Amino acid sequence: MIRVAITEEAFEAIKRTLPFGSVAVEAKVDAKGEPPIWLEPQVVNKLRAKRGPGESYSDVVLRPAERS
């Protein structure tokens, strides 16, 4: 598992779409107020591949929601 931090909005979007237990989250937030989550390496690799210049993992997670 790989630890990444995402915005609260992105976390809520992920939480609604994944099966219970498929993402681990820490109770604490980081210095930016973002909750660290633990994802499988293949998920992080997919997110990384979809990021554009200057985009965060949160931007990638939220992009589909912006289109609808």
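The values are calculated or read from the model by the stated rules, or taken from the named source; none is laboratory data. As the structure is a prediction and not an experimental result, all values here were calculated from the model. Quick reminder, even Gly has a Cβ in these numbers, built from the backbone with ideal geometry, and neighbours come from all protein chains shown.
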When residues of region 1-39 are limited to those that are charged (D, E, K, R), loosely packed, with under 13 Cβ neighbours inside 10 Å and part of a loop (DSSP other than H, G, I, E, B), the one modelled with the lowest pLDDT
GLU26
Being at pLDDT below 90 and touching a helix residue (DSSP H, G or I) at 6+ places or on another chain (Cβ under 7 Å), is that true of even one residue in region 41-58?
no
Kindly evaluate THR17 against the criterion of being of a type in the set (Val, Ile, Thr), out of contact with any strand residue (DSSP E or B) (no Cβ under 8 Å at 6 or more places or on another chain) and touching a residue at least 24 places away in the same chain (Cβ under 8 Å).
no
